[in-house]
Amino acid sequence: MQYRTLGTHDGGLKVSAIGIGCMPMIRGGNIAYGNADDDESIRTIHRAIDLGITFFDTAEMYGPFSNEELVGQAIKGKRDGLVIATKFAMRWNGDQMAGLDGSPDNARRACEGSLKRLGIDTIDLFYQHRVDPNVPIEETIGGMVDLVKEGKVRHIALSEAGPETIARAAKIHPITALQSEYSIWERDVEDGILDICRDNGIGFVPYSPLGRGFLAGGIRSRADLPADDWRHNDPRYSDENLPKNLKIVDTIAAIAERVGASNAQVALAWLLAQGDDIVPIPGVKRRATMEDSAGAADVSLTADDLATLDAISPRGTTAGDRYSERSMKMVRI
């Protein structure tokens, strides 16, 4: 496995070039991407560690809460050398979301709950999952800084923040990473977000780097999705938009066949080629999928390959928004 560094402050945070998004490992819960099995999920994490993957991403809202518990169970006795990332954003009424809350008190509540569920003493990378427009980012970051001073958090990060928010946050404390959606079919971060991150020495962590599985090539219609799959709510998977987006997958497949790689490896290799400060976290729940994604770091794409992939889905041309109208209002704040 190759390794990269997120952020520039105090040497940054060294992580594997491919991380693991643990969200699909939820069994039941609030966000289902097909059926997950706890035992297989834990074996997947163990196998990833064996392959040299060090970077594992979860959040309190996955489940909610149960995903952190599963990750905690999987890393027990294997903590050394791992980088564990988790996130906060919501206020909760039991297991029901009760709205965004970016207050320092909520950051503390979430941090302490995550530490307990994960079974660790320090969160390596602590994200604000979504920016709360009703709480100044300076106040939120200030609360997170207090957690750093207390040794409960090593590095501070943001998710789906807009350029102005990122710049303001970086004036309060170094931000190690920004996590936002980025892939061949979702390139909005190329409009100002990547630049502001690089101007402030902030690493970039693309989530959904495979388009929630679409770019891997196994989904040709909505009939390929389980009935309770969250992706039925995704505008890009609609009966109208999905057929239009297949041209992206077919282009990836042609390059994958030529270079002797999988679709997923090509899509991830394209992201890795966008800069040494980029560390994608494909979501997985099975060993076979994880092992395939892990191999992306060894795939070399030519300049012509990269240009072909760039041309097939320029920013703003993918059919459909990446989220519902309501969820789109929660990004780039």
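The values are calculated or read from the model by the stated rules, or taken from the named source; none is laboratory data. Computed from a prediction, not measured in an experiment: that's the story for all the values here. In this analysis, Cβ positions are derived from the backbone assuming ideal geometry, glycine residues included, and neighbour counts consider all displayed protein chains. Ligands, DNA and RNA are stripped out before the accessible areas are found, and what is left, the full protein with its side chains, is counted by its heavy atoms. Shrake-Rupley method; radii C 1.70, N 1.55, O 1.52, S 1.80 Å.
For segment 270-280, give me each residue that is open to solvent by less than 10 Å² (accessible area, probe 1.4 Å) and either closer than 17 Å to GLY201 by Cα or of a type in the set (A, V, I, L, M, F, W, C) (or both). Those that are open to solvent by less than 10 Å² (accessible area, probe 1.4 Å) and either closer than 17 Å to GLY201 by Cα or of a type in the set (A, V, I, L, M, F, W, C) (or both): TRP270, LEU271, ILE278, VAL279.
What number goes with the only condition from (1) surrounded by fewer than 24 Cβ atoms within 10 Å (Cβ to Cβ); (2) touching a helix residue (DSSP H, G or I) at 6+ places or on another chain (Cβ under 6 Å); (3) without any contact (Cβ under 8 Å) to a residue 60 or more places away in the chain that GLN96 does not pass? Evaluating GLN96 over (1) surrounded by fewer than 24 Cβ atoms within 10 Å (Cβ to Cβ); (2) touching a helix residue (DSSP H, G or I) at 6+ places or on another chain (Cβ under 6 Å); (3) without any contact (Cβ under 8 Å) to a residue 60 or more places away in the chain leaves (2) as the failure.
Would you pick out the residues in segment 164-178 that are touching a residue at least 60 places away in the same chain (Cβ under 8 Å) and not hydrophobic (A, V, I, L, M, F, W, C)? Listed by number, the residues that qualify are THR165, PRO174, THR176. Within segment 34-72, the set of residues being farther than 20 Å from MET90 by Cβ and touching a Gly at 6+ places or on another chain (Cβ under 8 Å) comprises ILE53, THR54, PHE55, PHE56.
Go over the candidates GLY218, GLY211 one by one and state the one that is in contact with a strand residue (DSSP E or B) (Cβ under 7 Å, 6 or more places away or on another chain) and at pLDDT below 95. Show your work before the answer.
On the way: GLY218 fails: in contact with a strand residue (DSSP E or B) (Cβ under 7 Å, 6 or more places away or on another chain).
Selected residue: GLY211, the only one of GLY218, GLY211 that is in contact with a strand residue (DSSP E or B) (Cβ under 7 Å, 6 or more places away or on another chain) and at pLDDT below 95.
Only strands (runs of 3 or more DSSP E) whose full extent lies in segment 1-91 are considered here, and the ones with at least 2 residues that are surrounded by fewer than 16 Cβ atoms within 10 Å (Cβ to Cβ) are 3-6.
Please go through segment 219-237 and pick out each residue that is open to solvent by 10 Å² or more (accessible area, probe 1.4 Å) and closer than 28 Å to LYS87 by Cβ.
Restricting attention to segment 219-237, the residues satisfying the condition of being open to solvent by 10 Å² or more (accessible area, probe 1.4 Å) are 219-228, 230-233, 235-236.
Result: ILE219, LEU225, PRO226, ASP228, TRP230, ARG231, HIS232, ASN233, PRO235, ARG236.
Considering every residue within segment 205-224, establish whether at least one is out of contact with any Pro (no Cβ under 7 Å at 6 or more places or on another chain), more than 30 Å from ASP10 (Cβ to Cβ) and acidic (Asp, Glu). Scanning segment 205-224 turns up at least one residue that is out of contact with any Pro (no Cβ under 7 Å at 6 or more places or on another chain), more than 30 Å from ASP10 (Cβ to Cβ) and acidic (Asp, Glu). Residues in segment 102-112: is at least one among the charged types (D, E, K, R), under 20 Å from PHE56 (Cβ atoms), modelled with pLDDT of 95 or more and open to solvent by less than 40 Å² (accessible area, probe 1.4 Å)? Within segment 102-112, none of the residues are among the charged types (D, E, K, R), under 20 Å from PHE56 (Cβ atoms), modelled with pLDDT of 95 or more and open to solvent by less than 40 Å² (accessible area, probe 1.4 Å).
In segment 137-166, of all residues being among the aliphatic types (A, V, I, L, M), open to solvent by less than 30 Å² (accessible area, probe 1.4 Å) and part of a helix (DSSP H, G or I), the one that is nearest to ILE123 (Cα to Cα) corresponds to LEU147.
Every test in (1) closer than 17 Å to VAL331 by Cα; (2) open to solvent by less than 30 Å² (accessible area, probe 1.4 Å) is passed by GLY213 save one, and that test is (1). Among the listed residues ILE31, ILE53, ILE18, identify the single one that is among the β-branched types (Val, Ile, Thr) and either over 26 Å from ASP292 (Cα atoms) or touching a Leu at 6+ places or on another chain (Cβ under 8 Å) (or both). Just one listed residue meets the conditions, ILE18. For ASP304, the criteria (1) crowded, with 16+ Cβ neighbours inside 10 Å; (2) modelled with pLDDT of 95 or more hold in every case but one, which is (1).
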